[in-house]
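Here the structure comes first, spelled out in structure tokens, and everything after it is commentary.
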Amino acid sequence: MSTTFKEFDAIVVGAGQGGNPITLALANAGWQVALAEGKYVGGSCINTGCTPTKTMIASARIAHLTSRAADYGVESTPGSVNFLKVRQRKDKVVESFREGSRQRLLSNPNVSLLEGYARFVGKKQLEIELEEGKKEFITSDRVIIDTGSSPSMPPIPGLDTVKALDSTSIMELDKLPDHLLVIGGGYVGLEFGQMFRRFGSKVTIVQRNNQLLPIEDQDVAEAIAEILREEGVDVLLGTDTLKIDAQEDEQIVLTVNAGGKEQTLSGSHLLMATGRVPNTSYLNPETTGITLDKRGFVPVNDQLETAVPGIYAIGDVNGGPAFTHVSYDDHTILLKNILQDGNTDKSGRLLPYVVFLDPQLGRVGLTEKAAKDLGYDYRVAKIPMDWVARAIETDETRGFMKAIVDKKTDRIIGAAILGVEGGELMSALQIAILGNVPYTVLRDGMFAHPTLSESFNTLFASLESS
């Protein structure tokens with residue numbers, strides 16, 4: 001029997017933070033759009049990434065501030081953490097966001113939400129595996145892939161013998177770990193490491209590289225390591241995990257190599273924070289003429305189009321920076337090109353991001369190392385947060401502000417703000433970069449007192465004495 005494929009104006013595979021808005025935008029323009037989602041509407045951001053982690057980080061910050069009450073002259077006995085309630089609060093927020101997104105899709109008459117996994121079965125033809133073994137077959141001249149990514153598990157001997165956690169499963173624990181071992185010193189490992197330390201767990205972070213956050217400047221990485229150690233997190237740098245063993249008492253033992261010396265680490269729980277892999281194993285893109293790269297990502301050009309005209313890939317699955325805002329920006333590029341016959345591309349776009357430690361690390365543009373490698377003639381503006389009046393008043397003085405300025409143009413080309421509300425301060429500098437505002441405007445501008453932003457006066461005045 002021949003299969004009948006239902007035709008749509010566009011098909012979107014994956015209801016993430018790029019897939020959702022492009023579905024609704026095309027539908028609002030009068031297109032008939034099929035959106036296939038195999039698990040949860042909202043993608044990793046709402047369900048397993050930004051929303052749940054930042055909700056739990058907020059709880060951890062309250063626990064931390066409670067423990068510091070005496071520093072502010074407040075007599076208070078530090079309370080214990082009810083981890084189950086922390087998780088329930090997280091679940092409530094996630095469910096609210098998820099269901100809100102789902103209802104917006106269901107209420108649009110031009111959207112067909114197909115809740116099942118999609119895979120290519122022919123050129124621009126897809127099969128959707130629905131509940132109870134049912135299948136639906138759809139086709140369109142335009143297909144947008146937004147299947148995202150998932151936590152990776154590296155081939156460490158013995159890993160399969162223990163109940164290793166990833167960034168999703170660790171948020172579903174019923175009780176706090178006694179001692180959490182974390183393999184990986186990137187964003188995920190650091191955020192969870194600090195969070196669980198503040199909840200009361202002993203935490204050890206094992207980082208193979210000689211610094212945390214390897215893409216950051218060394219001074220940023222060292223300051224973050226100092227902050228974590230100050231809070232009682234054990235940070236092991238230049239330490240390679242050789243094997244993992246499960247003990248009879250349910251302890252997990254890591255055999256590691258640090259500086260040529262082997263040692264063992266024992267903990268109650270293990271978090272693998274070792275990167276992410278694309279969700280393409282079920283997609284079967286080769287059937288439609290797409291060849292995945294060696295890491296399994298879907299290659300695209302600067303217009304986000306694959307090697308097959310009319311098929312696009314946005315978000316994590318195309319191998320670009322794995323941030324929600326990048327996925328969302330991808331969707332705006334496609335909309336301009338599809339609906340407005342534009343020629344917008346992703347080349348040269350300014351990438352901001354925030355590591356939600358406490359204090360936050362807000363980063364945008366070039367690091368100092370990158371500026372040097374690219375041959376810029378630059379200057380560095382840098383001040384510690386204990387020079388910032390607002391930070392002193394709130395007793396949040398850890399970290400520093402740093403900006404990279406092009407000598408030839410006086411334009412800001414990069415910034416790293418490790419400090420209270422570092423993400424918001426970074427965003428203000430991002431606006432200056434986008435507007436080609438010379439640093440002197442911020443140096444001489446009048447900002448409200450006492451705010452964090454007025455520290456831009458001091459930050460850029462430091463260039464005059466450097």
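Do the conditions hold for LEU357, that is, is it outside any loop (DSSP other than H, G, I, E, B), modelled with pLDDT of 95 or more, surrounded by 15 or more Cβ atoms within 10 Å (Cβ to Cβ) and touching a helix residue (DSSP H, G or I) at 6+ places or on another chain (Cβ under 7 Å)? Considered against the rule, which asks whether it is outside any loop (DSSP other than H, G, I, E, B), modelled with pLDDT of 95 or more, surrounded by 15 or more Cβ atoms within 10 Å (Cβ to Cβ) and touching a helix residue (DSSP H, G or I) at 6+ places or on another chain (Cβ under 7 Å), LEU357 comes out as no. Quick check: is even one residue across the range 434-443 in a helix (DSSP H, G or I) and charged (D, E, K, R)? Yes, the range 434-443 contains a residue that is in a helix (DSSP H, G or I) and charged (D, E, K, R). Out of the residues in the range 293-319 that are crowded, with 24+ Cβ neighbours inside 10 Å and either at pLDDT below 95 or more than 21 Å from the chain's Cα centre (by Cα) (or both), state the one that is nearest to LEU334 (Cα to Cα). It comes out as TYR312.
Here the range 113-154 is the region considered, the condition is being of a type in the set (S, T, N, Q) and surrounded by fewer than 21 Cβ atoms within 10 Å (Cβ to Cβ), and the residue that is farthest from PHE5 (Cα to Cα) is SER152. Look at the range 1-35 and say how many of its residues are in a helix (DSSP H, G or I), among the polar types (S, T, N, Q) and buried (at least 24 other Cβ atoms within 10 Å of the Cβ). The total comes to 2. Exactly one residue out of GLY435, GLY419 is within 31 Å of the chain's Cα centre (by Cα), at pLDDT 95 or above, more than 25 Å from ASP358 (Cβ to Cβ) and of a type outside the set (A, V, I, L, M), and it is GLY435. Quick one: in the range 411-462, which of the residues that are of a type in the set (Ser, Thr, Tyr) and crowded, with 20+ Cβ neighbours inside 10 Å is nearest to ASP386 (Cα to Cα)? My answer is SER455.
Out of GLY38, GLY73, GLY43, one residue alone is crowded, with 17+ Cβ neighbours inside 10 Å and either outside the structural domain of VAL298 (by TED's automatic domain parsing) or on the phi > 0 side of the Ramachandran plot (or both). It is GLY43. When you scan the range 406-425, do you find a residue that is of a type in the set (Gly, Ala, Ser), within 26 Å of ASP71 (Cβ to Cβ), not assigned by TED's automatic domain parsing to the domain that holds GLY73 and not in a strand (DSSP E or B), even just one? There is at least one residue in the range 406-425 that is of a type in the set (Gly, Ala, Ser), within 26 Å of ASP71 (Cβ to Cβ), not assigned by TED's automatic domain parsing to the domain that holds GLY73 and not in a strand (DSSP E or B).
Scanning the range 384-405 for residues that are assigned to a strand (DSSP E or B) and hydrophobic (A, V, I, L, M, F, W, C) yields PHE400, MET401, ALA403, ILE404, VAL405. The one condition from (1) surrounded by fewer than 16 Cβ atoms within 10 Å (Cβ to Cβ); (2) under 28 Å from ILE170 (Cβ atoms) that GLY49 does not meet is (1). A residue that is touching a Ser or Thr at 6+ places or on another chain (Cβ under 6 Å), of a type in the set (A, V, I, L, M, F, W, C) and surrounded by 15 or more Cβ atoms within 10 Å (Cβ to Cβ) occurs somewhere in the range 182-195.
Suppose the filter is more than 28 Å from ASP91 (Cβ to Cβ), part of a helix (DSSP H, G or I) and among the hydrophobic types (A, V, I, L, M, F, W, C); does VAL220 pass it? Spelling it out, VAL220 is indeed more than 28 Å from ASP91 (Cβ to Cβ), part of a helix (DSSP H, G or I) and among the hydrophobic types (A, V, I, L, M, F, W, C).
Being part of a helix (DSSP H, G or I), in contact (Cβ under 8 Å) with a residue 12 or more places away in the chain and under 26 Å from GLN360 (Cβ atoms) is a description that applies to GLN194. Taken together, LEU176, LEU254, LEU180, LEU165 contain a single residue that is in contact with a Phe, Trp or Tyr (Cβ under 6 Å, 6 or more places away or on another chain) and either aromatic (Phe, Trp, Tyr) or more than 30 Å from ILE417 (Cα to Cα) (or both), which is LEU176.
Screening LEU65 with (1) part of a strand (DSSP E or B); (2) touching a Phe, Trp or Tyr at 6+ places or on another chain (Cβ under 9 Å) gives one miss only, at (1).
Please tell me if VAL364 is within 17 Å of GLN218 (Cα to Cα), aliphatic (A, V, I, L, M) and touching a Phe, Trp or Tyr at 6+ places or on another chain (Cβ under 9 Å). The answer is yes for VAL364. Of a type outside the set (Lys, Arg), free of Cβ contacts under 8 Å to residues at least 60 places away in the same chain and surrounded by 13 or more Cβ atoms within 10 Å (Cβ to Cβ), is that true of VAL93? Answer is yes for this residue. Checking VAL33, VAL121, VAL86, VAL81 one by one, the residue that is more than 29 Å from the chain's Cα centre (by Cα) and of a type in the set (A, V, I, L, M, F, W, C) is VAL121 and no other.
The values are calculated or read from the model by the stated rules, or taken from the named source; none is laboratory data. Since this is a predicted model, take the numbers as computed values, not measurements. Neighbour counts are summed over all protein chains in view; Cβ atoms, including those assigned to glycine, are modelled from backbone coordinates with ideal geometry.
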